[in-house]
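Enquirer: If you scroll down you'll find the structure; I have some questions about it.
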Amino acid sequence: MANKISINKLNFYYGEKLAIENLNLKIPANEIMSIIGPANSGITTLLRTMNRLCDLTPDVKIEGDVLLDGQSIFSEHSSVTELRRRVGIVFDVPTPLPMSIFDNVSYGPRLARKRNKKPLSEIVEKALTEAALWDEVKDRLKIPAMSLSGGQQQRLCLARVLALEPEVVLLDRPCSGLDPISTAKIEESLVELKKKFTIIISPHNTQQAARISDRVAFMLMGKLIEEGANIEVFSTPKDQRTNDYIRGRFG
């Protein structure tokens, strides 16, 4: 299977602090890659690097490269705006815009009308359906998004990303504050969505990674310790640190 993203010899610095060290990772298309590890492992930094949100942080230095479909995302010919459309991100805390459900989902496509000529209503329904939220809100599209439950708000944020028709979806602990029912709905959505998208997730625990991942990468203090197929990493990890982490001995 072709690699959607290739990370080559990546070093990431916040000032003098090295947050990611010599990281090499291949992420296949149309799979769910879970990146696991304790706090301060560099996982959020890695996700933010993949769609260049790191550009917004002062005093950052990056060495190495990240390729999307074989092309460097740091190339002078690369459009950051187009990259962030192709590689969308959902954060751990839901951040609905202070407007209706419909306007939240249609906001991005409305700004990009030259690229997508589909009716906004069609785009909104498709995105909400893909995020497993349509049936719950289809009769309430004009109500404020902030009136939704936390789990619904998170799925709305996922729909907002999907409405831009990305190729890669990054998720940084998207279920960390959600109840088990909302978490299950998001996990079910992700398993379906990988048919269309490449999904890279920082799960909120190793059990979630085990449930939904095709491949798993384990990071520790900015270094990639191990990467492989889900069943291999969880049943026969090659590194003792990986084994200790997934068995709950630290982290």
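Throughout, read-outs are computed from the coordinates displayed, never taken from laboratory work. Only a predicted model underlies this, so the values are computations on that prediction, with no experimental measurement involved. We place every Cβ from the backbone using ideal geometry, glycine too, and count neighbours over all the protein chains shown.
Enquirer: Taking the Cα atoms of segment 3-246, what is the range of coordinates along each of the three principal axes, in descending order and whole Å?
Expert: For segment 3-246, the Cα extents along the three principal axes come out at 52, 42, 29 Å.
Enquirer: If the elastic network links every pair of Cα atoms under 10 Å, which of GLY177, GLY228, GLY15 fluctuates the most in the Gaussian network model of the chain?
Expert: GLY15
Enquirer: While we're looking at this one, here's another question. Based on alpha-carbon atoms only, what is the radius of gyration of segment 10-108 relative to the globular estimate 2.2 N^0.38 Å?
Expert: For segment 10-108, the normalised Cα radius of gyration is 1.20.
Enquirer: Hey, what did the chain get for relative contact order, percent, Cα under 8 Å, at least 6 apart?
Expert: Worked out over the chain, it gives 27 percent.
Enquirer: Continuing with the same structure: Expressed as an acute angle from 0 to 90° and rounded to the nearest 10, what is the orientation of the C-alpha long axis of helix 120-130 relative to the principal long axis of the chain?
Expert: 40 degrees
Enquirer: Give me the percent of DSSP beta bridges within segment 3-246 that run antiparallel, rounded to the nearest 5.
Expert: Here the share of antiparallel DSSP bridges comes out near 60 percent.
Enquirer: Compute the length gained on full extension between ASP139 and GLU188: take 0.36 nm times their separation in residues and subtract their Cα-Cα distance, giving the result in nm to one decimal.
Expert: In short, 15.4 nm is gained.
Enquirer: For MET221 paired with ASN205, estimate the spin-label separation in nm (one decimal), with each label point 7 Å from Cα along the Cα-to-Cβ line.
Expert: Calculated label separation equals 2.7 nm.
Enquirer: Right, another one. Check cross-link reach from LYS4 to the lysines: straight Cα distance under 16 Å, and skip same-chain residues fewer than eight apart.
Expert: Here the lysines satisfying the reach criterion relative to LYS4 are LYS26, LYS194, LYS195, LYS196.
Enquirer: Still on this structure, I have one more. Please state the charge dipole magnitude for segment 3-246, taken about the Cα centre, from unit charges on C-beta atoms (+1 on K and R, -1 on D and E), reported in debye and rounded to the nearest 20.
Expert: The dipole of segment 3-246 has a size of about 740 debye.
Enquirer: How far apart, in nm, are the 7 Å Cα→Cβ label points at ASP244 and LYS61?
Expert: Result for the modelled spin labels: 3.1 nm.
Enquirer: Under a point spin-label approximation (7 Å from Cα along Cα-to-Cβ), what is the SER79-ASN24 distance to one decimal in nm?
Expert: The two pseudo-label positions are separated by 3.4 nm.
Enquirer: Any chance you could give the angle, 0 to 90 degrees and rounded to 10, that helix 101-111 forms with the longest Cα principal axis of the chain?
Expert: Long axis of 101-111 versus the principal axis of the chain: about 80 degrees.
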